[in-house]
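**Student:** Before I ask anything, here is the structure I am working with.
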Amino acid sequence: MNNILFSELSLTEPLERAVREMGFESATEIQARTIPLLRTGADVIGRSQTGTGKTLAFGIPAVEGIDTGENKNQVQVLILCPTRELCMQACGEIRKLARYKPGVKTVDIYGGAPMNRQIMALRSGANIVVGTPGRVMDHLRRRTLKLDHLRMVILDEADEMLSMGFKEDIETILTGTPETRQTVLFSATMPPAILALTGQFQRDAQLIEVNKKQPSVKAIHQSYCEAPASRKKDALCLLLYAKAPQRAIVFCNTKAMTEELSAFLKEQGMGAEGLNGDMKQQQRTQVMNGFKNGQVRILVATDVAARGIDVNDVDAVFNYDLPQDMEYYLHRIGRTGRAGKAGYAMTLCTGRRQSQQLRDFAHMTRSELEREALPTVRDVACKLEEGYVKELAEAIPEEGQETGARILEALTAAGHSPEAVARAALTLLYGGRQPQISDIVQERRPVQDRRESMGRVSLNLGRKNRIAPNHIVGAIAEMTDLSGSDIGKIEIFDNRTIVGIPRAAVQQVVDRLRGSKILGQRVEAAVCMERTGREGKPGGRDNGFRMRDRRRAEEGRRRKRPARED
């Protein structure tokens, strides 16, 4: 599509002025194709990747369409975003767009922020609301948010909201809005769940697809290292020392791991901070500001928390945990190699299965993937020493070193050679900076029978509760340190579910799941007592539940048998 200027899109004067002051002259493809269509009132499905200018694509028509007359204090536009970061980002952009149109008031509502402030902001007459599905539902239940006069609803990154489990919330919200509303949906992918949503809530939706092909990753050098699970932290530490990125993001699959890993890296003397959904908004903002201004060198984050991070000079991305699918992998590595710069993406793999899955990702994206050997402690020491030499060489010509000169003179007068003094001083200065970890020997250990290393956890939910394996896997991966590949066989019965869990993590899974909710239903978790099966191995078919069922069945058969006649 040829380059189109915003001045050619017939924007109203307040919007054209705002866009010009925001520094935009040319519209992106999604903006040039979407803005005229939304002005007609049509329902639209926009398929495009993150970073293509979607906020302005829907924000300009949304602001233009606000009635600042009789209904100016009613909510006329609702924008749903998957995370608080994206919610804040979208709200900020729309406020900039509306700065020269009097009567437009935008409010963002999201979890982790004080409810009372949001209630006051809504009561003061907001006509554009940007929110996360969960907090929007909270306000609807409290009746502090009313959608009776809604004209337009926008689902931003709809695929991400569905993958986070907001499907029922979104359906409830849309069901409670006027049928005459305009429904706009933006998504990077089009899974069946998205298509079902559009079919249910949109009318003759117009599809706009840009960047349908996978985003280019040619500027990103992709590689991986293999490390045993018990030494992954040490492996990451060695890589960070050896690569020495000025600004890096480390991705984990769970909130708990972001906290654990960031604490470990701090102990190793690295400027690392964790970022996850359990943090208060003020703390999250402080961490992000520190990362953007360089005070935080390494950001350890989950996929969801990293949504909305817009930093162009990220030197490297490290996947501490293998992402769940290719879309997440692309989203992660796309944080580096931006603005025409080269990028570096490293993934830590545990075992052949993960290595093969990563190679599949690379194949699907037509990327080159290099296997790298983990650096040794000696490699890291040499790298650090190179930096020390450079640091000292730059300091030698400086003036004002009288204190050092006097100390050297006193020590040489006491019979110590200048070389010995220099070695002692350098050891004092740099000795504490060496990583306190040992080399990681990458050996192939014999594969054990998986059943011998697995325990079992019993849950009180089953088929009658509409539980499916993906619900179980998602809950365990979110609340524990386990990934989906760690979870064993899942047996779903009418009123209960039995899950295979690595024996060492059974108690952790029970503790974390107990009292939590899956599909809005309270979970009761317990260790499933194992018995030795016919093969004489733990985890056989004769577990506690089945033995109990067999005893009951046998008792029933005995009652039905006729008495034997002698």
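The values are calculated or read from the model by the stated rules, or taken from the named source; none is laboratory data. A quick note: this is a predicted structure, and the numbers were derived from the prediction, not measured. As a convention, Cβ positions derive from the backbone with ideal geometry for all residues, glycine included, and neighbour counts pool all protein chains shown. For the accessible areas, the whole protein counts, side chains as well, though only heavy atoms, and no ligand, DNA or RNA atoms are used. Shrake-Rupley method; radii C 1.70, N 1.55, O 1.52, S 1.80 Å.
**Student:** In segment 170-184, what count of residues is obtained for those that are out of contact with any Lys or Arg (no Cβ under 9 Å at 6 or more places or on another chain) and surrounded by 20 or more Cβ atoms within 10 Å (Cβ to Cβ)?
**Tutor:** Adding up the residues that qualify gives 3.
**Student:** I would also like to ask the following. Exactly one condition in (1) buried (at least 23 other Cβ atoms within 10 Å of the Cβ); (2) acidic (D, E); (3) farther than 29 Å from V311 by Cβ is false for D108; which is it?
**Tutor:** Going through the list (1) buried (at least 23 other Cβ atoms within 10 Å of the Cβ); (2) acidic (D, E); (3) farther than 29 Å from V311 by Cβ, D108 breaks only (3).
**Student:** Mind checking which residues of segment 320-356 are under 23 Å from M190 (Cβ atoms) and either more than 19 Å from the chain's Cα centre (by Cα) or hydroxyl-bearing (S, T, Y) (or both)?
**Tutor:** Y328, Y329
**Student:** Here's another thing I want to ask about it. Take the residues in segment 413-430 that are modelled with pLDDT under 80 and small (G, A, S); name whichever of them is farthest from V389 (Cα to Cα). Give the derivation first.
**Tutor:** Filtering segment 413-430 down to residues modelled with pLDDT under 80 leaves 421-430.
Among the residues that remain, those that are also small (G, A, S) are: 422, 424-425.
Values: A422: 13, A424: 15, A425: 14 Å.
Across segment 413-430, the extreme among qualifying residues is A424.
**Student:** Looking only at segment 474-488, which residues are in contact with an Asp or Glu (Cβ under 9 Å, 6 or more places away or on another chain), among the small types (G, A, S) and in a helix (DSSP H, G or I)?
**Tutor:** Correct list: A477 only.
**Student:** Based on what the data block shows, is G134 surrounded by fewer than 16 Cβ atoms within 10 Å (Cβ to Cβ), touching an Asp or Glu at 6+ places or on another chain (Cβ under 9 Å), closer than 21 Å to T34 by Cα and not charged (D, E, K, R)? Write out each step before concluding.
**Tutor:** Numbers: surrounded by fewer than 16 Cβ atoms within 10 Å (Cβ to Cβ): yes; touching an Asp or Glu at 6+ places or on another chain (Cβ under 9 Å): yes; closer than 21 Å to T34 by Cα: no; not charged (D, E, K, R): yes.
No.
**Student:** Can you run down the residue pairs with Cβ atoms below 8 Å, 6 or more apart or on separate chains, where the first is in segment 280-297 and within 13 Å of V314 (Cβ to Cβ) and the partner is open to solvent by less than 90 Å² (accessible area, probe 1.4 Å) and of a type in the set (K, R)?
**Tutor:** Within 8 Å, the pairs are F291/R247; G294/R247; R297/R247.
**Student:** Moving to a separate point now. If I ask for residues that are touching a residue at least 40 places away in the same chain (Cβ under 8 Å), among the aliphatic types (A, V, I, L, M) and either buried (at least 19 other Cβ atoms within 10 Å of the Cβ) or assigned to a helix (DSSP H, G or I) (or both), which ones from segment 24-47 would you list?
**Tutor:** Listed by number, the residues that qualify are I30, L37, L38, V44, I45.
**Student:** Quick one: count up the residues across segment 361-376 that are part of a helix (DSSP H, G or I) and either open to solvent by 70 Å² or more (accessible area, probe 1.4 Å) or farther than 28 Å from L482 by Cα (or both). Spell out the reasoning first.
**Tutor:** At the first step, the residues of segment 361-376 found to be part of a helix (DSSP H, G or I) are 361-364.
Those left that are additionally either open to solvent by 70 Å² or more (accessible area, probe 1.4 Å) or farther than 28 Å from L482 by Cα (or both): 363-364.
So the count comes out to 2.
**Student:** Here's a follow-up. What number of residues within segment 245-285 are surrounded by fewer than 16 Cβ atoms within 10 Å (Cβ to Cβ) and small (G, A, S)?
**Tutor:** Residues meeting the conditions: 3.
**Student:** Something else now. For the list (1) part of a helix (DSSP H, G or I); (2) open to solvent by 30 Å² or more (accessible area, probe 1.4 Å); (3) modelled with pLDDT of 90 or more, I need the number of the one condition that R456 fails.
**Tutor:** Here R456 clears every test but (1).
**Student:** Just name the residue that is modelled with the lowest pLDDT out of those in segment 201-217 that are within 28 Å of the chain's Cα centre (by Cα) and exposed (fewer than 13 other Cβ atoms within 10 Å of the Cβ).
**Tutor:** Let us first name the residues in segment 201-217 that are within 28 Å of the chain's Cα centre (by Cα), namely 201, 207-217.
Then drop every residue that is not exposed (fewer than 13 other Cβ atoms within 10 Å of the Cβ), which leaves 207, 212-213.
Numbers: L207: 92, K212: 53, K213: 50.
Here the residue is K213.
**Student:** Determine whether A263 is farther than 16 Å from G351 by Cα, under 21 Å from the mean Cα position of the chain (by Cα) and without any contact (Cβ under 8 Å) to a residue 12 or more places away in the chain. Step through it out loud before you land on a result.
**Tutor:** Working: farther than 16 Å from G351 by Cα: yes; under 21 Å from the mean Cα position of the chain (by Cα): yes; without any contact (Cβ under 8 Å) to a residue 12 or more places away in the chain: yes.
For A263, the condition - farther than 16 Å from G351 by Cα, under 21 Å from the mean Cα position of the chain (by Cα) and without any contact (Cβ under 8 Å) to a residue 12 or more places away in the chain - is met.
**Student:** Answer yes if at least one residue in segment 134-145 is touching a Cys at 6+ places or on another chain (Cβ under 6 Å) and either closer than 27 Å to Q283 by Cβ or among the hydroxyl-bearing types (S, T, Y) (or both), and no otherwise. Outline the logic, then answer.
**Tutor:** From segment 134-145, those touching a Cys at 6+ places or on another chain (Cβ under 6 Å) are none; that's our starting set.
So far as segment 134-145 goes, no, none of its residues is touching a Cys at 6+ places or on another chain (Cβ under 6 Å) and either closer than 27 Å to Q283 by Cβ or among the hydroxyl-bearing types (S, T, Y) (or both).
**Student:** Here's something else I'd like to know. Within segment 306-329, count every residue that is open to solvent by 30 Å² or more (accessible area, probe 1.4 Å) and at pLDDT 90 or above.
**Tutor:** Looking only at that region, the number is 1.
**Student:** Could you list, in sequence order, all residues of segment 312-360 that are without any contact (Cβ under 8 Å) to a residue 12 or more places away in the chain and in a loop (DSSP other than H, G, I, E, B)?
**Tutor:** Within segment 312-360, D325 is the sole residue that qualifies.
**Student:** Within segment 84-134, which residues are outside any helix (DSSP H, G or I) and over 28 Å from the mean Cα position of the chain (by Cα)?
**Tutor:** To start, the set of residues in segment 84-134 that are outside any helix (DSSP H, G or I) comprises 98-114, 124-132.
Matches in segment 84-134: A98, R99, Y100, K101, P102, G103, V104, K105, S124, G125, A126, N127.
**Student:** Right, another one. Tell me, yes or no, whether segment 189-198 has at least one residue that is crowded, with 22+ Cβ neighbours inside 10 Å and not polar (S, T, N, Q). Explain how you work it out, then say what you get.
**Tutor:** To start, the set of residues in segment 189-198 that are crowded, with 22+ Cβ neighbours inside 10 Å comprises 197.
In the following step, the residues that additionally are not polar (S, T, N, Q) were identified as 197.
Yes; the residues of segment 189-198 include at least one that is crowded, with 22+ Cβ neighbours inside 10 Å and not polar (S, T, N, Q).
**Student:** Also: Within the set of pairs 6+ apart or on separate chains, which have a first residue in segment 48-76 that is at positive phi and open to solvent by 40 Å² or more (accessible area, probe 1.4 Å), a second that is modelled with pLDDT under 95 and of a type outside the set (V, I, T), and C-beta atoms under 9 Å apart?
**Tutor:** G51/P215; G51/D310; G51/G334; G51/R338
**Student:** Quick check on segment 286-305: of everything there that is of a type in the set (V, I, T), within 18 Å of the chain's Cα centre (by Cα) and at pLDDT 85 or above, which residue is surrounded by the most Cβ atoms within 10 Å (Cβ to Cβ)?
**Tutor:** In the first step, residues of segment 286-305 are kept if they are of a type in the set (V, I, T); the result is 287, 296, 298, 300, 302, 304.
When the remaining residues are screened for being within 18 Å of the chain's Cα centre (by Cα), the result is 287, 298, 300, 302, 304.
Now restrict to residues that are at pLDDT 85 or above: 287, 298, 300, 302.
Details: V287: 22, I298: 23, V300: 29, T302: 22.
My answer is V300.
**Student:** Looking at segment 1-23 only, could you name the residues that are over 22 Å from E209 (Cα atoms), outside any helix (DSSP H, G or I) and open to solvent by 30 Å² or more (accessible area, probe 1.4 Å)? It would help to see each step written out before you state the result.
**Tutor:** Initial filter on segment 1-23 (over 22 Å from E209 (Cα atoms)): 7, 10-23.
Filter once more, so that each one left must be outside any helix (DSSP H, G or I): 10-12, 22-23.
Selection gives S10, T12, M22, G23.
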